[in-house]
Amino acid sequence: MDLPQVISSEIIKKSYLKHECSKDVALILSLEQEFDWQIIKKLNLSLLNIVHIVGLRLITNLECLTLSHNKIKKIENLDCLTKLEELNLSYNRITTIENLDHLTRLNILSLSGNKISELKNLDNSLQLQAFYISNNEITDINQIYYLKRFKYLQCMDLSNNPATNNNRQLIIDQFPKLIYLDNVHITAEERSSTVEINDEYSLAGSEILGDSNLIHKAFLNETDGIQFFNYLYHEDLDGELLSKWNSTVRGAFATYKKQITDSAMELYNTSLQKLTVRDEMFSKFKMSHNRFERKLTYESRDIIKEFEEIRRLRMEPTEQQLMDIETNEMGINQDSFGVGVENDHFSIESFVSVSEGDIIIMKRKLHKKNIYMNKTIMDLISKYTKLVEEELKLFLELLVPIFFNMRAIISTYSEILSENVRLAVNNPIKIIPKEFINHFGNRFAINDAVVKMSDKHMEMIYKREELLNSNAKKWAAKSIEDLKNSEKQRFWMVFEEITKYCDNVTIWLKSLKKL
């Protein structure tokens, strides 16, 4: 059984030289009489059976501290680390978030795998961008709302907590700036919301066609940007262990990680730039659509206004017409006494000449306007389709060199790893560290693991490229299809409204004639 350890200057120095320095640099630093503690900016103290956080006052320049997989029960004695930006306390025995008030620069905090049930005491860490608290004991969903105060928060892992299971959509709705939730990119569909109906500019109260925000970042997912390296090493325990083979491999691994991350960020930024171009195209299309729709609406309403004026005149005869009616009635009364002649000329139906033929003409005019509108919009959609296809082609062409570079980076690292492993396992005198033998079983299995790791990472790169290509093409096809369907819906909504209005006028005219 491993005994608990206390953080000492010796352990700090040993861990720093082991994890953060090459073999040559570690040798030079270990030989110095006085060690410069201020050079330590990153420190990994994981898997050391540490129980208490103590002895860190020598390393005040520390920016990244990892204390994961220990036996720590309390967060304490971190006040001196005012420059700390990243803190990893995952998989310990912590029950309360506390004593982090002085860590004002903190932007990444990992507390996964503990026994925390309440989110609190992070009010001074306003720069927080990523927060990981999966596998804890949060039972009240309201605890999650505490995190809404962090305006820079883009990534959260809340998985495997009683309160967060099956509540993904609720959490997404509450955090509009969040990009990743539970290590999964938030999709456009998850961000979608009901499009409001704008009746002011539409004869039929039709919906505004689409919303670029609903499909924003449609080309991206969790494997673009800073998460790409984690994507490659997801459940790759063999690859993680092999990366620690020796100082040469560790150096190559650090280079590999940086280059892959840089390429992934280039991929991410390229995608965002193309999305910006696409959104601009969509905005221009919407402006054109609204302009023509307003034109149709106002012209159609003018036609309807004429008939409404006729109906008003029907219901409200002029003063002269009322006098004629009175004269006509007097003539009829006199005739009943044998005086005067009956005159049917002044009936109320004759004041304004409206016939069913006039209604048919009005109906044709309205339908003509609607057909004109439909043709105009379909022409716009055709032009928009060509622009989308051109932008899609340019976008996919930009991806080719980025993914080619990623494969070259993997190949380079794999060659260095393979060569170093081969030299060691083929040398009978060379002693292979016990942790490698325990994990792989024998020397031959280690060689096989190197090949499998390289093949796996290469395959994942190809899959990611294929997925990104597929997503981009699907978005283009869906975007265009949605526009066409929206215009069809608008056309038939207006058609039905025109028909209904004209039918109502016809019914009114027929009932009027029965008077």
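The values are calculated or read from the model by the stated rules, or taken from the named source; none is laboratory data. Being a predicted model, the structure only gives us computed values, none of them experimental. Note: ideal-geometry Cβ built from the backbone for every residue, glycine included; neighbour counts use all protein chains shown. Side chains included, ligands, DNA and RNA excluded: accessible areas come from the protein's heavy atoms. Shrake-Rupley method; radii C 1.70, N 1.55, O 1.52, S 1.80 Å.
Go through region 86-102 and report how many residues are modelled with pLDDT under 90 and touching a strand residue (DSSP E or B) at 6+ places or on another chain (Cβ under 7 Å).
Qualifying residue count for the region: 0.
Mind counting the residues in region 451-476 that are surrounded by 14 or more Cβ atoms within 10 Å (Cβ to Cβ) and either without any contact (Cβ under 8 Å) to a residue 12 or more places away in the chain or of a type in the set (Phe, Trp, Tyr) (or both)?
Residues meeting the conditions: 1.
Only one of (1) surrounded by fewer than 13 Cβ atoms within 10 Å (Cβ to Cβ); (2) closer than 16 Å to Leu111 by Cα fails for Ser159. Which number is that?
That leaves (1) as the condition not met.
Quickly run through region 56-67 and pick out the residues that are open to solvent by 10 Å² or more (accessible area, probe 1.4 Å) and part of a loop (DSSP other than H, G, I, E, B). Spell out the reasoning first.
Filtering region 56-67 down to residues open to solvent by 10 Å² or more (accessible area, probe 1.4 Å) leaves 57-58, 60-61, 63-64, 66.
Arg57, Leu58, Thr60, Asn61, Glu63 - these are the residues of region 56-67 that are open to solvent by 10 Å² or more (accessible area, probe 1.4 Å) and part of a loop (DSSP other than H, G, I, E, B).
Yes or no: Ser355 of a type in the set (Gly, Ala, Ser) and modelled with pLDDT under 50? Break it down stepwise before answering.
Details: of a type in the set (Gly, Ala, Ser): yes; modelled with pLDDT under 50: no.
Answer is no for this residue.
Those residues that are of a type outside the set (Phe, Trp, Tyr) and not in a loop (DSSP other than H, G, I, E, B), I need them from region 124-165; list them, please. Walk me through it before giving the result.
Of all residues in region 124-165, those of a type outside the set (Phe, Trp, Tyr) come to 124-130, 133-144, 147-149, 151, 153-165.
Answer for region 124-165, where residues must be of a type outside the set (Phe, Trp, Tyr) and not in a loop (DSSP other than H, G, I, E, B): Ala130, Ile141, Asn142, Gln143, Ile144, Leu147, Lys148, Arg149, Cys155, Met156, Asp157.
Could you please find all residues in region 210-249 being part of a helix (DSSP H, G or I), at pLDDT 75 or above and open to solvent by 40 Å² or more (accessible area, probe 1.4 Å)? So that I can check it myself, show each step before the final result.
Here is the first cut: in region 210-249, the ones part of a helix (DSSP H, G or I) are 212-215, 225-232, 237-242, 247-249.
Remaining after also requiring at pLDDT 75 or above: 227-232, 237-242, 247-249.
Across region 210-249, the qualifying residues are Asn230, Tyr231, Leu237, Asp238, Glu240, Thr248.
Touching a Leu at 6+ places or on another chain (Cβ under 6 Å), closer than 28 Å to Thr376 by Cβ and in a helix (DSSP H, G or I): which single residue out of Ile480, Ile498 fits that description?
On the way: Ile480 fails: touching a Leu at 6+ places or on another chain (Cβ under 6 Å).
When all the criteria are applied, what remains is Ile498.
Identify, by number, the condition in (1) more than 20 Å from Ile260 (Cβ to Cβ); (2) without any contact (Cβ under 8 Å) to a residue 60 or more places away in the chain that Phe436 doesn't meet.
Phe436 satisfies every listed condition except (2).
Could you say which residue among Ala424, Ala477 is in the same structural domain as Leu237 (by the TED database) and within 30 Å of Lys375 (Cβ to Cβ)? Steps first, please.
Details: Ala424 fails: within 30 Å of Lys375 (Cβ to Cβ).
After applying the criteria, what remains is Ala477.
So which residues in region 129-156 are of a type in the set (Val, Ile, Thr) and crowded, with 21+ Cβ neighbours inside 10 Å? Working first, answer last.
As a first pass, look at region 129-156 and keep what is of a type in the set (Val, Ile, Thr): 133, 138-139, 141, 144.
Result: Ile133, Ile144.
Return a yes/no flag: does region 359-375 have any residue that is without any contact (Cβ under 8 Å) to a residue 60 or more places away in the chain, open to solvent by 60 Å² or more (accessible area, probe 1.4 Å), in the same structural domain as Ser470 (by the TED database) and within 30 Å of Ser271 (Cβ to Cβ).
no
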